[in-house]
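Accompanying notes for the structure given below.
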Amino acid sequence: MNVNLRYLRAILHDPEIYPDPEEFKPERFLNPDGTVRDDPTLSLAFGAGKRGCPGRHVVDATIFIVTSSVLSVFNVTKAKDENGYEIPVRPAVVIDREVVM
């Protein structure tokens with residue numbers, strides 16, 4: 001894995017900044033009133049200074065548009081087994097060809 005990606009992953013998975021970094025907790029990015037927290041650490045994923053990603057704002061807008069479109073059209077729920085019980089989701093981290101998925 002690229003050394004820079006390792007440093008970036010270490011920063012974005014720091015348990016002092018983000019408790020339980022491997023857990024899916026989107027609420028960690030929200031303020032108590034429900035607004036999105038301005039977290040300067042997250043911008044590190046796009047680089048910093050004059051070498052920052054020029055497409056950062058396009059990516060932010062695209063993710064918002066796609067997510068809102070999917071949520072407005074589809075009923076997103078957990079899958080159910082043959083007895084009608086929800087199947088638990090087990091998140092996993094997979095490293096494939098130096099890319100963390």
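The values are calculated or read from the model by the stated rules, or taken from the named source; none is laboratory data. These figures come from a predicted structure and were not determined experimentally. Every residue, glycine among them, receives a Cβ derived from its backbone with ideal geometry; neighbour counts consider all protein chains shown.
Being touching an Asp or Glu at 6+ places or on another chain (Cβ under 9 Å), at pLDDT below 85 and of a type outside the set (Gly, Ala, Ser): is that true of Pro54 here? Lay out the reasoning, then the answer.
Working: touching an Asp or Glu at 6+ places or on another chain (Cβ under 9 Å): no; at pLDDT below 85: yes; of a type outside the set (Gly, Ala, Ser): yes.
So Pro54 does not fit the description; no.
Scan Ala45, Ala79 and give me the residue that is of a type in the set (Gly, Ala, Ser) and in contact with a strand residue (DSSP E or B) (Cβ under 9 Å, 6 or more places away or on another chain).
Details: Ala45 fails: in contact with a strand residue (DSSP E or B) (Cβ under 9 Å, 6 or more places away or on another chain).
Exactly one residue qualifies, and that residue is Ala79.
Where residues in segment 39-63 are part of a loop (DSSP other than H, G, I, E, B) and either loosely packed, with under 10 Cβ neighbours inside 10 Å or among the hydroxyl-bearing types (Ser, Thr, Tyr) (or both), which of them is farthest from the chain's Cα centre (by Cα)?
Here is the first cut: in segment 39-63, the residues part of a loop (DSSP other than H, G, I, E, B) are 39-41, 47-48, 52-55.
If we keep only those that are either loosely packed, with under 10 Cβ neighbours inside 10 Å or among the hydroxyl-bearing types (Ser, Thr, Tyr) (or both) as well, we get 40-41, 54.
On the way: Pro40: 15, Thr41: 13, Pro54: 20 Å.
Ranking the qualifying residues of segment 39-63, first place goes to Pro54.
Do we have Thr77 as at pLDDT 75 or above and surrounded by 10 or more Cβ atoms within 10 Å (Cβ to Cβ) here? Please lay out each step first, then the result.
Numbers: at pLDDT 75 or above: yes; surrounded by 10 or more Cβ atoms within 10 Å (Cβ to Cβ): no.
So Thr77 does not fit the description; no.
Say we look at segment 21-38 and pick out the residues that are acidic (Asp, Glu), assigned to a loop (DSSP other than H, G, I, E, B) and over 17 Å from Pro88 (Cβ atoms); which of these is nearest to the chain's Cα centre (by Cα)?
Asp38
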